[in-house]
Amino acid sequence: QVQLVESGGGLVQAGGSLRLSCAASGSIFSINVMGWYRQAPGKQRELVAGITSGGSTNVADSVKGRFTISRDNAKNTVFLQMNTLKGEDTAVYYCYADLPRVRYWGQGTQVTVSS
C-alpha cells in the first residue's frame, strides 16, 4: 500500500505560478513512476507529467516549457512547478504512483487560474 498526500493547489492569476507537492508513504521502495494527471470539469483525466525513479520525464505537449516535474527520492516526494499559468490549466490535479501491476492516486488538489 502507498499513501499519497498532495499540497500546493490554490487560486492564482493568469501568468502566475504554483508549485504542487506529493509525498508518498508506505511501500515506497516499489515505486517506479510518479507524476501528475489533471481533470477539468466535463473533461477526461489527462496526463500532465511523469518522472521515473531514475529521473526520466514525460511531459504533455500542452504544458511543455511551462511546467517542470522533479522528484526527491530521499523524501519520496514529487513536485510540479507550474509557471505562466493559463485559464485552461484550471483543473483538479491528481498525483499518482506506479508500482508493479498497480497505480495509486492522491486525493486531488484544485488549481484555479483566474483571467
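Do you know which of the residues in region 8-21 that are out of contact with any Lys or Arg (no Cβ under 9 Å at 6 or more places or on another chain) and under 16 Å from Val63 (Cβ atoms) is least open to solvent (accessible area, probe 1.4 Å)? Step through it out loud before you land on a result.
Narrowing region 8-21 to residues out of contact with any Lys or Arg (no Cβ under 9 Å at 6 or more places or on another chain): 9-13, 16-21.
Cutting the leftovers down to under 16 Å from Val63 (Cβ atoms) gives us 9, 12, 16-20.
Values: Gly9: 34, Val12: 21, Gly16: 18, Ser17: 62, Leu18: 30, Arg19: 127, Leu20: 0 Å².
Checked region 8-21; the qualifying residue least open to solvent (accessible area, probe 1.4 Å) is Leu20.
Name every residue in region 80-115 that is surrounded by 19 or more Cβ atoms within 10 Å (Cβ to Cβ) and in a strand (DSSP E or B), in order of residue number.
Result: Leu80, Met82, Ala91, Tyr93, Tyr94, Cys95, Tyr96, Ala97, Thr109, Val111, Val113.
Of the residues in region 1-34, how many are under 20 Å from Lys86 (Cα atoms), in contact (Cβ under 8 Å) with a residue 60 or more places away in the chain and out of contact with any helix residue (DSSP H, G or I) (no Cβ under 8 Å at 6 or more places or on another chain)? It would help to see each step written out before you state the result.
In the first step, residues of region 1-34 are kept if they are under 20 Å from Lys86 (Cα atoms); the result is 7-21.
Remaining after also requiring in contact (Cβ under 8 Å) with a residue 60 or more places away in the chain: 7-20.
From what's left, out of contact with any helix residue (DSSP H, G or I) (no Cβ under 8 Å at 6 or more places or on another chain): 7-13, 15-20.
Here the count works out to 13.
Just checking: which of the strands (runs of 3 or more DSSP E) contained wholly in region 22-75 hold 2 or more residues that are among the aliphatic types (A, V, I, L, M) and surrounded by 15 or more Cβ atoms within 10 Å (Cβ to Cβ)? Spell out how you get there, then give the answer.
Details: elements: 34-39, 46-51, 57-59, 67-72.
Once the strands (runs of 3 or more DSSP E) in region 22-75 are filtered for at least 2 residues that are among the aliphatic types (A, V, I, L, M) and surrounded by 15 or more Cβ atoms within 10 Å (Cβ to Cβ), what remains is 46-51.
The values are calculated or read from the model by the stated rules, or taken from the named source; none is laboratory data. None of the values given here were measured: they were computed from a predicted structure. We place every Cβ from the backbone using ideal geometry, glycine too, and count neighbours over all the protein chains shown. With ligands, DNA and RNA removed, areas are computed over all heavy atoms of the protein, side chains included. Shrake-Rupley method; radii C 1.70, N 1.55, O 1.52, S 1.80 Å.
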